[in-house]
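Input: a single structure, listed below in structure tokens.
The values are calculated or read from the model by the stated rules, or taken from the named source; none is laboratory data. What you see is a predicted model, and the numbers here were worked out from it, not measured in a lab. We place every Cβ from the backbone using ideal geometry, glycine too, and count neighbours over all the protein chains shown.
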There are 2 protein chains.
Amino acid sequence: MLPLPTTQTTAGYRTERRNAPAASVGSPLNPIELMGAQMPFSRDAEIFGEKEPAEYIYKVVSGAVRTYRILADGRRQIQAFHLAGDVFGFEPGEEHTLSAEAIVDSRILVIKRTAVEALAARDNQVARGLLALMARELQRVQRHVTLLVMTAQERVIDFLLEMTACDPEKALTLPMSRQDIADYLGLTIETVSRTFSSLETAAAIELPNSRRVVLRDREALSRLAN
Amino acid sequence: MLPLPTTQTTAGYRTERRNAPAASVGSPLNPIELMGAQMPFSRDAEIFGEKEPAEYIYKVVSGAVRTYRILADGRRQIQAFHLAGDVFGFEPGEEHTLSAEAIVDSRILVIKRTAVEALAARDNQVARGLLALMARELQRVQRHVTLLVMTAQERVIDFLLEMTACDPEKALTLPMSRQDIADYLGLTIETVSRTFSSLETAAAIELPNSRRVVLRDREALSRLAN
DNA sequence: CGGAATATTGATCAAGATCAAAGCGAGTGG
DNA sequence: CCACTCGCTTTGATCTTGATCAATATTCCG
């Protein structure tokens, strides 16, 4: 509501990334960020847990974060990966409905929620920013729903394109493990691994090592993805 | 953000339903609804389409609505079913990212978006209501993501429980077809039909006819749904 | 009543899961 | 420096779930 930027990054609401789509997006928390403090989290450290009071809003300064939920049958469902510039943990309820962990050693900007609330109550611009934040998150989750009805190969390609969407580089280093990817795509680790291999065989990507991916033919990938 | 009701209906942001969880939820558009006009839509009529300017916000007065997207491969993905009391079509961008159709003959309250925007800009209470609306929608879509990684039987049961969540009645008349259900659950019509049959065989439900479902043993269902 | 749309049921197929066995790489200690 | 180990990844063989193809059955309406 209220004129909001319609542009969206596919990998999350992200700011301060190179190739940012002009100033229109900007940082939704710009006026607030000054109030936050940076905190280091080491690999696999929990940032917040499900059912904990949602006292803070977070922004990835460096590193990477996964937000997830443990399902009734014990499986882990990863909701999203958050990279540098992404805001996460912004939930309107009193309690977090997700857990968050650092995927690698990360620096996270932590902002008190009450501070944001207070500011939003007075400053309409801030309130609008929050709405935009949530709107972009909504679109991201909707994309995730769409992803989950596609084939394994389509999911993996979509994931790769999403990870490089804001990034013209052809090569990337994935911060997350195969298991993380599998839990995000709703596949098994074996299927993810096999799909990576078959994409390499098809000359669409190169895998110098398990964490490194070179998109050799983005066009071919896009075609396969659909 | 800002003290919001944490209660949520599983089937959407819904108001004016019996057993409403106290006054805390209320109608998020209460002050605004007066500005809207009721319009009738007949079965399968389009309410709005993807890419159309998002000029209005909608609320189901009676009947049922499906919001959906057509995927690149031509399949239809149903995003949500909206029943009486549900608000839909509230998208922050300039254009709709989904299409909406009446599932059965329906009466829809149509409210001009600019009117809501204007009010929200002045009245913080209204702005907060919009945020709550979007937050509940976000949670609904997150539930949908979770649904799509479960087995066929779990998805169908989850759907049935969702359709009756706000409703203590054991019997319900589904407004939507098997195809609609299949496109919502990411299954084929055959699998949905077979799962319904097997649940009937297992004495968990009764199917007097294809649109009518009687939940014979809600406990058993919940257990099967895992 | 007839015909079209929708739903059910059956038979087979295929994508991805599961079970199982290497392969690889980074860190550790001899 | 090299062997060893542990965790992660890849690859292989087989099985299961749900898709697909196909044939009725039912319902809805004109």
Matching residues in segment A:162-199 - criterion: being hydroxyl-bearing (Ser, Thr, Tyr), outside any helix (DSSP H, G or I) and surrounded by 14 or more Cβ atoms within 10 Å (Cβ to Cβ): A:THR164, A:SER177, A:THR188
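Rundown of residues vs (1) assigned to a strand (DSSP E or B); (2) more than 16 Å from DNA strand D (Cβ to nearest atom); (3) in contact with a Ser or Thr (Cβ under 8 Å, 6 or more places away or on another chain); (4) among the β-branched types (Val, Ile, Thr), yes/no style:
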site	(1), (2), (3), (4)
B:MET35	no, yes, no, no
B:ILE57	yes, yes, no, yes
B:ALA72	no, no, no, no
B:PHE90	no, yes, no, no
Lone unmet requirement of (1) assigned to a helix (DSSP H, G or I); (2) free of Cβ contacts under 8 Å to residues at least 12 places away in the same chain for A:LEU130: (2)
Among (1) away from DNA strand D (no atom under 13 Å from the Cβ); (2) surrounded by 15 or more Cβ atoms within 10 Å (Cβ to Cβ) - the single one B:SER222 does not satisfy: (2)
Single unsatisfied condition, A:THR195 versus (1) modelled with pLDDT of 95 or more; (2) over 25 Å from B:LEU148 (Cβ atoms): (2)
Every residue from segment A:182-210 that is within 8 Å of DNA strand C (Cβ to nearest atom), of a type in the set (Gly, Ala, Ser) and away from every other protein chain (no Cβ under 14 Å): A:SER210
Residues located in segment A:178-195, provided they are among the small types (Gly, Ala, Ser), within 17 Å of A:ARG75 (Cβ to Cβ) and free of Cβ contacts under 8 Å to residues at least 40 places away in the same chain: A:ALA182
Leading residue by the ranking (nearest to the other protein chains (Cβ to nearest Cβ)) among those in segment B:84-97 that are touching a strand residue (DSSP E or B) at 6+ places or on another chain (Cβ under 7 Å) and surrounded by fewer than 22 Cβ atoms within 10 Å (Cβ to Cβ): B:GLU94
A:GLU219 assigned to a helix (DSSP H, G or I) and either within 14 Å of DNA strand C (Cβ to nearest atom) or within 30 Å of B:PHE90 (Cβ to Cβ) (or both): no
Scan of segment A:40-55 for residues that are assigned to a loop (DSSP other than H, G, I, E, B) and within 14 Å of chain B (Cβ to nearest Cβ), ordered by number: A:GLU50, A:LYS51, A:GLU52, A:ALA54, A:GLU55
Selection status of B:GLU162, more than 12 Å from DNA strand C (Cβ to nearest atom) and farther than 29 Å from A:ILE70 by Cα: no
Residue satisfying condition, being within 16 Å of DNA strand D (Cβ to nearest atom), assigned to a loop (DSSP other than H, G, I, E, B) and either among the hydrophobic types (A, V, I, L, M, F, W, C) or within 12 Å of another protein chain (Cβ to nearest Cβ) (or both), within set B:VAL149, B:VAL213: B:VAL149
Of all residues in segment B:98-124 being among the charged types (D, E, K, R) and touching a residue at least 40 places away in the same chain (Cβ under 8 Å), the one that is surrounded by the most Cβ atoms within 10 Å (Cβ to Cβ): B:GLU101
Residues of segment B:174-197 that turn out to be more than 22 Å from the chain's Cα centre (by Cα) and more than 10 Å from DNA strand D (Cβ to nearest atom), as a count: 1
Qualifying residue in segment B:131-142 (condition: surrounded by fewer than 18 Cβ atoms within 10 Å (Cβ to Cβ) and either at the interface with chain A (Cβ under 8 Å from one of its Cβ atoms) or over 30 Å from B:GLY36 (Cα atoms) (or both)): no
Hits in segment B:152-168 (condition: away from DNA strand D (no atom under 16 Å from the Cβ), free of Cβ contacts under 8 Å to residues at least 60 places away in the same chain and either within 14 Å of chain A (Cβ to nearest Cβ) or among the charged types (D, E, K, R) (or both)): none
Segment A:106-128, residues that are within 11 Å of chain B (Cβ to nearest Cβ) and either of a type in the set (Phe, Trp, Tyr) or touching a Phe, Trp or Tyr at 6+ places or on another chain (Cβ under 9 Å) (or both): A:ARG113, A:VAL116
